[in-house]
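Trainee: Before anything else, here's the structure in question.
Just so it is clear, none of the values below were taken in a lab; they were calculated from the coordinates. Model, not experiment: these values are computed from the prediction. Note that we place each Cβ from the backbone using ideal geometry, even for glycine, and neighbour counts take in every protein chain shown.
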Amino acid sequence: MLRTIESLGSLRGKRVIVRCDLNVPLDGGRITDDGRISASLPTLQALIGQGARVVVVSHLGRPDGAPDAKYSLAPVAARLGELLGADVAFATDTVGDSAADAVARLTDGGVVVLENLRFNAGETSKADTERAAFAARLAALGDVLVSDGFGVVHRKQASVFELATLLPSAAGLLIATELDVLDRLTEKPEAPYTVVLGGSKVSDKLGVIGHLLPRVTSLLIGGGMVFTFLAAQGHKVGSSLLESDQLDTVRGYLAEAERLGVKIVLPTDIVVASKFGADAEHEVTAADAIEDTPFGASGLGLDIGPDSARAFADIIRASKTVFWNGPMGVFELAAFAEGTRRVAAALTEVDGLSVVGGGDSAAAVRILGFNDDQFGHISTGGGASLEFLEGKRLPGLEVLGWQ
Ligand code: ATP
């Protein structure tokens, strides 16, 4: 059983370290999507309401274990203050003098954000002893830990794993909500159950397919993953994303799907571009004729075509449960955003449970103008939710009592 905040007893006046995932996309110092900050609010508000002294820790981006101004959490602390409607202090280091001072100054119900965890090599070190040493320095700043960074629970890192063994620890409300929804996807999803996979991290996502096939009604494939499937069927894919070492795996999935009577639905048309860029020439072509455009073998498939988007949308709308991870195309460029937009629009019309999982997928739906409340749930974790659906054991959950 996952330990809940109540299991920690009265928190009034206690120093509560809250491990959030405030890893938001930034453009310079400007936050382009604050979804992960909003998702952290319920836990923080509950703790403030109880009169706890709240010490927020998080990572941002992938700095190299040392301070790097472009990954500072300062703008995130400011935005958190606006969203909470309260003063939020900021410490310019994570476990140094600034952090110790700021924590000592906290009053009941007060909040401080410490600087980026990953400015310290110990946070992500491969060496158990280094992670443990950093976790011990963090532990000195708190009396208890509330772990609420769902996006990092699949990582064995100091603030996610070791810290939870050093202090009395429990899961926050965001983790509890995420698990509730993901549980409904793994335990008894109502049929028809459709999973839509896209994006660019192809090899990461192929693993999930084997685990999902026995559970789903249809699996729709879009994004960069399409081309490994098309190549596995013997089609030429020009210069599109291709994982040649995965062709046999993919052929195995196609055979397994047939055996199980599950539909793997591939796009029948593709938007092929002359190059990767906003000013690329582009053309819609049949999925088995990608090299037959004027761009020949240098053509790049950057979105699913309109017929495919329509077919995907029809299947999604007729489903009772839908999980979507990974954009259908390079949605950041207007010319290749249509497939993602149509799939997102179809998800908003599902009469049942619709879940969008993944940092880029969540950002995509917001950037394309959809609202969070148009979906059943927007998960803050891409890798974490996929690993959960794969049935992997996640260290950041197990350490909180999850089995
Ligand atoms: P995260 O893992 O960060 O939570 P995610 O799972 O939502 O994110 P990713 O696998 O990271 O998604 O993929 C998102 C990226 O995939 C986008 O930047 C998009 O431009 C890119 N992408 C989608 N289709 C293609 C394609 N056909 N070719 C190349 N890149 C593509």
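Trainee: Once both labels are modelled 7 Å past Cα along the beta-carbon direction, what's the residue 104-residue 403 spacing in nm?
Mentor: 4.4
Trainee: If you consider only alpha-carbon coordinates, what radius of gyration and Dmax does region 189-390 have, in Å?
Mentor: Final numbers for Rg and Dmax: 15.6, 45 Å.
Trainee: For residue 264, what residues show an amide H to amide H distance below 5 Å, using hydrogens built from the backbone and excluding near sequence neighbours?
Mentor: Residues meeting the amide H criterion: 219.
Trainee: Compute the angle between helix 247-260 and the longest alpha-carbon principal axis of the chain, please, reported from 0 to 90 degrees and rounded to the nearest 10.
Mentor: Once rounded, the angle reads 80 degrees.
Trainee: Then there's this: Provide Rg and Dmax in Å for region 266-346, with only Cα atoms included in the calculation.
Mentor: Rg then Dmax for region 266-346, in Å: 12.9, 41.
Trainee: Related question: Lysines within cross-link reach of residue 126: Cα-Cα under 17 Å, excluding same-chain residues under 8 positions apart?
Mentor: 156
Trainee: Work out the charge dipole of the chain with +1 on the Cβ of Lys and Arg and -1 on the Cβ of Asp and Glu about the Cα centre, then indicate which of 213, 69, 46 is farthest towards its positive end.
Mentor: It is 46.
Trainee: Given region 189-390, what count of lysine pairs have C-alpha atoms under 24 Å apart, with each pair 8 or more places apart or on different chains?
Mentor: 9
Trainee: Over region 5-177, how many percent of alpha carbon pairs lie in each 10 Å bin up to the one with the longest distance?
Mentor: 11, 44, 38, 7, 0
Trainee: Quote the FRET efficiency, to the nearest 0.05, computed for residue 320 versus residue 248 with a Förster distance R0 of 35 Å and r equal to the Cβ-Cβ distance.
Mentor: Numbers: r = 33 Å, r/R0 = 0.96.
Approximately 0.55, to the nearest 0.05.
Trainee: Additional query: When the Debye formula is applied to the Cα atoms of region 175-261, each taken as the same point scatterer, what base-10 log of I(q)/I(0) results at q = 0.26 Å⁻¹?
Mentor: The calculated log intensity ratios at q = 0.26 Å⁻¹ are -1.36.
Trainee: Given contacts defined as C-alpha pairs under 8 Å and at least six residues apart, what's the relative contact order of region 168-219, whole-number percent?
Mentor: Numbers: 20 pairs, mean separation 22.1, N = 52.
Value for region 168-219: 42 percent.
Trainee: Here's something else I'd like to know. Report, by chain and number, residues whose modeled amide H sits under 5 Å from the one on residue 381, excluding near sequence neighbours (fewer than 5 apart, same chain).
Mentor: Amide H neighbours of residue 381, under 5 Å, 5+ apart: 358.
Trainee: Return, for the Cα atoms of the chain, the radius of gyration and Dmax in Å, separated by a comma.
Mentor: Over the chain's Cα set, Rg and Dmax evaluate to 22.4, 69 Å.
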